[in-house]
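Following: one structure in structure tokens, then a few remarks.
The values are calculated or read from the model by the stated rules, or taken from the named source; none is laboratory data. Note that this is a predicted model, so its numbers are computed, not measured. Glycine also receives a Cβ, built like all others from the backbone with ideal geometry; neighbour counts cover every protein chain displayed. In case anyone asks, the SASA skips ligands and DNA or RNA and just uses the protein heavy atoms, side chains included. Shrake-Rupley method; radii C 1.70, N 1.55, O 1.52, S 1.80 Å.
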Amino acid sequence: MCGIVGFTSESMQAAPVLLQGLAKLEYRGYDSAGLAVRDGSQDPVVVRAKGRLQVLEEKTNGGLSLPGSCGIGHTRWATHGEPSERNAHPHISEDLNVIGVHNGIIENFSELKEKLQRHDYHFYSETDTEVAIKLVDYYYKKYKVGPIDALAKSMVRIRGSYALAVMFRDFPGEIYVARKDSPMIVGVSSAGTFVASDVPAILQYTRSVYYMENLEMARLTPEQVTFYDLNGDVVEKETTQIEWDAESAEKGGYEHFMMKEIHEQPKAIQDTMNSVLSAEGRIDLSATGLTDEIVRDVSEITIVACGSAWHVGMAAQYVFEDLTRIPVRVELASEFRYRKPILKPDGLVIVISQSGETADSLAALREAKKLGVRTLGVINVLGSSIAREADHVFYTLAGPEIAVATTKAYSAQLIAMDLLAMHFAHVRGLLDDDALAAMIAELQSLPSKVEQLIENKERIQWFASKFSNARDVFFIGRGLDYAICLEGSLKMKEISYIHSEAYAAGELKHGTISLIEDGVLVIGVMTQNELYEKTVSNLVEVRSRGGYLAGITSYGHYEAEDTVQFTVYVPKTDPHFYATLAVVPLQLLGYYLAVARGLDVDKPRNLAKSVTVE
Ligand code: AGP
């Protein structure tokens, strides 16, 4: 998620306000930043810097070297184009007629870029934002309209999500805003008017804000704000008084980043899916460089990762093998890197990593490359080490993940692996057009199904309160359900510190069932219909030994309540996609257990967000 701040005032200097505001948005994660400040009707001055905000502060002497009372600022979380000064915002039209910053993802930016190039526009960056800014410039000049109309015409053409803050040379002292899907707020105070991606950026100046709705625009002058709809008609809006303190404002009003990120999962899934689905609804992996020829020739797949990313690999193994019949092996990176792996030269090694900096996963990638095997990274941080060194990269678009316990990045990785498996099966002729289209349609229903599961979070909270003193918890499942158990168990362990184990349900009787005694919580995951009865039998074995049973299964399996004492139902979906749904109650369970035990949910003891050492 990028961060946007804009401010215009009669007399107050803008640059220091913008820098302070951007500092309050640092929690959103970023790799570069920039400002554009205008002094009266003089041309705006634009300063950009790669790296920490401090670099920008030093370049602008804390903002003092940028006189002027109107400006926009930006912290960039790269999605299109490596982190660099050239790609940093604000982006400008060549004659400085239009200058702007953007938060979001423009899905049809390539098509729009080609259109503009046909009209003699040139591009200096790799970003979708530069395309958006020049599109606004194009409409402003072509139709000789005002800023609001130019923005409206651009909004009609742009497909994707955006929050735009724009300055026009012909309108000094004014800032124009457009919003679709990416959040944007407007603040008003006696000092002037503000626009920002999130409340923390302006909380020290005002608590009186407007939340912009989708497809709304705004015009900010030092004295007032006017809102418009897509037709250019004025829209009357009510202000909201922000009651949050600054810290909770960073979490969007949630108590913890982890809960905020659980709620961001539908968008992370949607954005990741949209990044490779063409307008015709086909899977387009051309950005990864994985040609159909490469896909056809892959003889085996080795998935290498750590922690939750490894759990994604375990789930993907079932999906990939079922759809593509390619042998898939899943390896812990810390083991793979030292085991002198035996890999086929026409194999593919897939390294899954949110941070792209995990030392063991990076070492495993290098080991695979040393052996001459093709590598693909499934990575969330653009330009990270693994992303740069892998032969191919599939970027997940979960945005920056702050909580140590991964949720939305895990979900985005699952979707990426599902899409890869579906694409491989289609290219290799095992999935025809109709079957692929049906799976894609089902995949596109997942965000709303995840939202539905999150809405039932209070029921999980109640259940967690009953087991906050548990000492040992077991998760059991078969097939894909076993992979889901792995993630559920780790979520519980890493943030509630309750010991738990994930077990292949059929394996329990080979020893571990001796640990089951009265009151031990055993959670059965039973989403795979053809394995459902088997897992229920295992749960009956556990119950006869005193275990307390909870079950996660799909709607329709109401007979589960004859066996388990607490049931969570997930919406029906394609059997390959249940990990995306069943993991949500397990994430919430781990979260509420940690909260019930008064623990630091976002920063659990002994853990780091990215394990960059062995
Ligand atoms: C999961 O909640 C943990 N934060 C941890 O297991 C994490 O998944 C693992 O360290 C891998 O990190 P990566 O995805 O950044 O490589």
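If we scan the stretch 251-263, do we find a residue that is closer than 30 Å to TYR176 by Cβ and within 16 Å of the ligand (Cβ to nearest atom)?
yes
Return the total of residues in the stretch 364-415 being touching a strand residue (DSSP E or B) at 6+ places or on another chain (Cβ under 7 Å) and without any contact (Cβ under 8 Å) to a residue 24 or more places away in the chain.
1
Taking interchain pairs and intrachain pairs at least six residues apart, which have beta carbon atoms under 6 angstrom, with the first residue in the stretch 295-307 and in contact (Cβ under 8 Å) with a residue 24 or more places away in the chain and in a helix (DSSP H, G or I) and the second open to solvent by 10 Å² or more (accessible area, probe 1.4 Å) and not basic (Lys, Arg)?
VAL295/VAL427; ASP297/ASP346
Inside the stretch 126-144, can you point out the residues that are closer than 22 Å to GLY383 by Cα and open to solvent by less than 10 Å² (accessible area, probe 1.4 Å)?
Scanning the stretch 126-144 gives THR127, ASP128, THR129, GLU130, VAL131.
Out of (1) among the acidic types (Asp, Glu); (2) over 30 Å from ALA441 (Cβ atoms); (3) open to solvent by 60 Å² or more (accessible area, probe 1.4 Å), what's the single condition that is false for GLU250?
GLU250 satisfies all of (1) among the acidic types (Asp, Glu); (2) over 30 Å from ALA441 (Cβ atoms); (3) open to solvent by 60 Å² or more (accessible area, probe 1.4 Å) except (3).
Which of (1) among the polar types (S, T, N, Q); (2) more than 29 Å from the chain's Cα centre (by Cα); (3) open to solvent by less than 20 Å² (accessible area, probe 1.4 Å) is the odd one out, the single condition ASN87 does not satisfy?
(2)
Looking at the stretch 563-614, which of its residues are of a type in the set (Gly, Ala, Ser), touching a Gly at 6+ places or on another chain (Cβ under 9 Å) and open to solvent by 10 Å² or more (accessible area, probe 1.4 Å)?
Selection gives SER610 alone.
Test of understanding: among SER197, SER208, which residue is touching a strand residue (DSSP E or B) at 6+ places or on another chain (Cβ under 7 Å), among the polar types (S, T, N, Q), under 17 Å from PHE227 (Cα atoms) and surrounded by fewer than 19 Cβ atoms within 10 Å (Cβ to Cβ)?
SER208
Residues are listed down the side, and each one gets a yes or a no for (1) of a type in the set (D, E, K, R); (2) surrounded by fewer than 24 Cβ atoms within 10 Å (Cβ to Cβ); (3) over 18 Å from GLY347 (Cβ atoms); (4) within 14 Å of the ligand (Cβ to nearest atom):
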| position | (1), (2), (3), (4) |
| --- | --- |
| LYS370 | yes, yes, no, no |
| VAL378 | no, no, no, yes |
| VAL381 | no, no, yes, yes |
| ALA412 | no, no, yes, yes |
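Quick test for you: out of GLU357, GLU321, GLU335, pick the one residue that is within 10 Å of the ligand (Cβ to nearest atom) and open to solvent by 50 Å² or more (accessible area, probe 1.4 Å).
GLU357
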